[in-house]
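A.B. asks: Right, I'll just put the structure down here and ask away after.
The values are calculated or read from the model by the stated rules, or taken from the named source; none is laboratory data. Only a predicted model underlies this, so the values are computations on that prediction, with no experimental measurement involved. Neighbour counts are summed over all protein chains in view; Cβ atoms, including those assigned to glycine, are modelled from backbone coordinates with ideal geometry. These accessible areas exclude ligands, DNA and RNA; they are computed on the full protein's heavy atoms, side chains included. Shrake-Rupley method; radii C 1.70, N 1.55, O 1.52, S 1.80 Å.
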Amino acid sequence: MQTDILRKQIKELRNSLDKNAVIKYSKIITDKILALKEIENLNTFMIYKSFKNEVSTENLINLLLSLNKTVCYPATKGENMVAGLPLSNEFTISKLGVEEPKNYKTIDLIDCVIVPLIACDKNKNRIGFGKGYYDRFLKNRNTLKIGVCYDFQVVDEITPNEWDVPLDLIITEKQIIGD
Ligand code: ADP
Ligand code: MG
């Protein structure tokens with residue numbers, strides 16, 4: 001299937017999820033991430049601020065902060081993205097329509113990135129929002145890349161482009177896709 005058609009179909013399915021399902025599945029996914037042995041010794045996380053019916057990251061962020069982990073957020077800088085450690089509680093809406101810190105310090109070394117996605121497959125290939133921000137950000141970066149999505153976003157097979165960066169782990173409410 002063409003990528004843009006697949007993106008549209010999955011976005012429609014996700015938009016049709018009811019709020020209770022979003023809350024329920026997001027809680028299961030959050031608990032699974034926190035229970036991963038892979039993150040035990042990691043300290044610095046970059047986590048997207050969820051919007052609409054995306055897997056909610058709100059609890060994950062708060063729980064990691066309460067464990068004294070460092071949490072930064074993706075911030076757009078032209079065509080690129082950086083990991084921004086907020087210097088205040090103020091967030092603004094980026095040109096991608098998501099919240100990013102208004103004032104931040106750029107962090108270069110990130111132990112783990114929680115990666116949003118539209119679709120993925122069992123080989124951990126990812127289809128994002130179609131602008132390539134995460135592919136550019138993750139290229140040549142040594143970090144644990146955890147994709148999070150609902151189980152219906154896992155599709156049969158994605159043929160990656162040469163610039164696509166695969167994930168290390170994918171967590172849904174039903175499964176963990178690892179090695
Ligand atoms: P997404 O991963 O968001 O679904 P794509 O993989 O289709 O989107 O990438 C969107 C665009 O971003 C591509 O047309 C590609 O040219 C550009 N892009 C992605 N990664 C890189 C990169 N590492 N260097 C240069 N351009 C890139
Ligand atoms: Mg891509």
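A.B. asks: Using a Cα-Cα cut-off of under 12 Å, which aspartates and glutamates could be cross-linked to Lys139, ignoring same-chain neighbours fewer than 8 residues away?
C.D. replies: Glu162, Asp164
A.B. asks: Roughly to the nearest percent, how much of the accessible area of the chain is carbon and sulfur, given a 1.4 Å probe?
C.D. replies: Details: 4760 of 9900 Å².
Percent of accessible area from carbon and sulfur atoms in the chain: 48.
A.B. asks: Just by accessible area at a 1.4 angstrom probe, what is the order of Thr159, Thr92, Thr172, Thr44 from largest to smallest?
C.D. replies: Thr159, Thr92, Thr44, Thr172
A.B. asks: Further, regarding this structure: Provide the FRET efficiency to the nearest 0.05 for the Leu34-Glu12 pair, computing r from the beta carbons and using R0 = 35 Å. Could the numbers behind the result be given before it?
C.D. replies: Details: r = 30 Å, r/R0 = 0.87.
E(calc), rounded to 0.05, equals 0.70.
A.B. asks: What is the spin-label model distance, in nm, from Asp108 to Leu67 if the labels are put 7 Å beyond Cα along the C-beta direction?
C.D. replies: The two pseudo-label positions are separated by 2.7 nm.
A.B. asks: Considering lysine pairs in the stretch 1-67 that are 8 or more places apart or on different chains, how many have Cα atoms under 17 Å apart?
C.D. replies: 10
A.B. asks: Would you work out the charge dipole size for the chain about its Cα centre, treating the Cβ of every Lys and Arg as +1 and the Cβ of every Asp and Glu as -1, and quote it to the nearest 20 debye?
C.D. replies: Values: 25 positive and 24 negative charges, 76 e Å.
Roughly 360 debye for the chain.
A.B. asks: Can you compute the label reach from Lys52? Point 7 Å from Cα along the Cβ direction, backbone N cut-off under 20 Å, restricted to the stretch 61-87.
C.D. replies: 74-76
A.B. asks: Could you tally the net charge around Leu138, taking each other residue with its Cβ under 11 Å from the Cβ of Leu138, Lys/Arg +1 and Asp/Glu -1? Can you show the working numbers first?
C.D. replies: Numbers: positive: Arg126, Arg136, Lys139, Arg141, Lys145; negative: Asp135, Asp164, Asp168.
Residues near Leu138 contribute +2 overall.
A.B. asks: Rounded to the nearest whole Å², what accessible area per residue is found for the chain with the 1.4 Å probe? Numbers along the way, then the final one.
C.D. replies: On the way: 9900 Å² over 179 residues.
On a per-residue basis, the chain sits at 55 Å².
A.B. asks: With a Förster radius of 25 Å, plug the Cβ-Cβ distance of Phe129 and Asp151 into 1/(1 + (r/R0)^6) and report the FRET value to the nearest 0.05. Could you put the intermediate results ahead of the total?
C.D. replies: Working: r = 20 Å, r/R0 = 0.79.
Rounded to the nearest 0.05, the efficiency is 0.80.
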